[in-house]
1. In square angstrom, what is the accessible area per residue of the chain with a 1.4 angstrom probe?
2. Among (1) 1, 8, 15, 17, 17, 13, 10, 8, 6, 3, 2, 0; (2) 1, 6, 13, 18, 20, 16, 11, 7, 4, 2, 1, 0, 0; (3) 1, 6, 10, 11, 11, 10, 9, 9, 8, 7, 5, 4, 3, 2, 2, 1, 1, 0, 0, which one is P(r) over Cα pairs in 5 Å bins from 0, in percent computed from these coordinates?
3. Given contacts defined as C-alpha pairs under 8 Å and at least six residues apart, what's the relative contact order of the chain, whole-number percent?
4. What nm value, rounded to one decimal, do you get for the distance between Tyr31 and Ser113 when each label is placed 7 Å out toward the C-beta?
5. Under 8 Å for C-alpha pairs, at least 6 residues apart: give me the relative contact order for the range 1-108, rounded to a whole percent.
6. If DNA, RNA and ligands are ignored and the probe is 1.4 Å, what is the ranking of Leu158, Leu132 by accessible area, most exposed first?
7. Residue separation times 0.36 nm, minus the C-alpha to C-alpha distance between Leu123 and Glu94: what's the value?
8. In a shell of Cβ-Cβ distance under 11 Å around Tyr85, excluding Tyr85 itself, what net charge do Lys and Arg (+1) and Asp and Glu (-1) give?
Amino acid sequence: DMDRLARSIEGINLKIAFAFLLSMPGAPFIYYGDEIGMRFNPTLSKDGGYNRTGARTPMQWSTEENAGFSTADANALYLPVNDDYTSRSTEVQESDEESILNTVKRLLKLRKSYPQLGSRARLKVISRTYPLVLKLSGEESDIFALINPSAEEHSVTLTGAKILESNNVARVGDTFTLGAESFAWIEADKDAQAVYK
């Protein structure tokens, strides 16, 4: 069992967390429901689950009864459905291109499409402060993961680059401006140098 990401972060910061997680080498693990920002219910404890129980509520598939998880009577469920299932469900988020769910889907698709982002990625940390700049090296091009969870704007200059996925990022020429709470995955020429501030 894992704690839910949405227990401590929400909104754009969930997208930033996934952009960071899915840029890491190895096999990423996504706990069910985190891809839609399911919340942790701190009021629940059952069968010795203690502080883990709140992360075990039924998956929120739809806006139907029991969040589409079961056709049983609500009282027969092992744990109750979170009360925000009508606004936070797979069904609701599938129709919103900017939802957490669709952002995660696009990041996963890119991860499958680019060997640089795979489980054996060659990762180099370029900047350990904000913006966090990670370089994932490939044979023909490199991918830079730019992560900015801070409340301040930062910029990164990369030559021969194109944005693969981003949120709250503007581009002027070779300069990418990361707004407050933003991220970008950018493909760049092989051995391009990142200049950041």
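1. The answer is 52 Å² per residue.
2. Only one option fits the structure, namely (1).
3. 18
4. Distance between the two pseudo-spin positions: 3.0 nm.
5. 27
6. Per-residue accessible area, sorted high to low, gives Leu132, Leu158.
7. So the chain would gain 7.3 nm between Leu123 and Glu94.
8. Summing Lys/Arg as +1 and Asp/Glu as -1 gives -3.
The values are calculated or read from the model by the stated rules, or taken from the named source; none is laboratory data. All values derive from a computational prediction rather than experimental measurement. Positions of Cβ are generated from backbone atoms using ideal geometry, with glycine treated the same way; all protein chains shown enter the neighbour counts. Ligands, DNA and RNA are excluded from the accessible area calculation, which covers all protein heavy atoms including side chains. Shrake-Rupley method; radii C 1.70, N 1.55, O 1.52, S 1.80 Å.
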